[in-house]
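Since the structure comes first, as structure tokens, the remarks are kept for the end.
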Amino acid sequence: MYASSLHSEFMREHFIREAPHGLLMSVGYVLVNVEPGSEVEVFNAASVLSFVTDANLLFGDHDLIVKLEADNMGDIARLVVESIRAIPGVLNTKTLACAEM
């Protein structure tokens, strides 16, 4: 296998997920800042959302990172605005869209 095809397989495997029936899913990460003292409550609320596939509390500039999957990046943006930002205690978010190559 050539290096370029190996790179392509790596990118496909790590940044684009296949959903049931062979459909491709978009992946995004959301860095979340919360009100002091509400970290665990926001983490618990985000973790149970159906589109969230992973969440972790952080030390540093951000309080929480949330991994989510949806059909496309438009859906990810909508879910962040309508669901993640709506969680009580969330102050702001920064969405990182994974490259779809």
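The values are calculated or read from the model by the stated rules, or taken from the named source; none is laboratory data. Given the structure is predicted, the values throughout are model-derived calculations rather than measurements. Cβ placement follows ideal geometry from the backbone for every residue including glycine, while neighbour counts extend to all protein chains displayed.
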If I filter region 59-82 down to residues being closer than 18 Å to Val40 by Cβ, over 10 Å from the mean Cα position of the chain (by Cα) and in contact (Cβ under 8 Å) with a residue 24 or more places away in the chain, which single residue comes out as surrounded by the most Cβ atoms within 10 Å (Cβ to Cβ)? Leu64
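Consider Leu91 carefully, then state whether it is more than 24 Å from Gly37 (Cβ to Cβ) and modelled with pLDDT of 95 or more. If you could, list the steps in order and put the result at the bottom.
On the way: more than 24 Å from Gly37 (Cβ to Cβ): no; modelled with pLDDT of 95 or more: yes.
Against the criterion (more than 24 Å from Gly37 (Cβ to Cβ) and modelled with pLDDT of 95 or more), Leu91 does not qualify.
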Check whether at least one residue in region 28-51 is in a loop (DSSP other than H, G, I, E, B), touching a helix residue (DSSP H, G or I) at 6+ places or on another chain (Cβ under 7 Å) and at pLDDT 55 or above, and report yes or no. yes
With the structure loaded, tell me whether Val27 is crowded, with 20+ Cβ neighbours inside 10 Å, under 9 Å from the mean Cα position of the chain (by Cα) and in contact (Cβ under 8 Å) with a residue 60 or more places away in the chain or whether it fails that test. yes
Those residues of region 37-58 which are buried (at least 18 other Cβ atoms within 10 Å of the Cβ) and more than 19 Å from Met25 (Cα to Cα) amount to Val42, Phe43, Ala45, Ala46
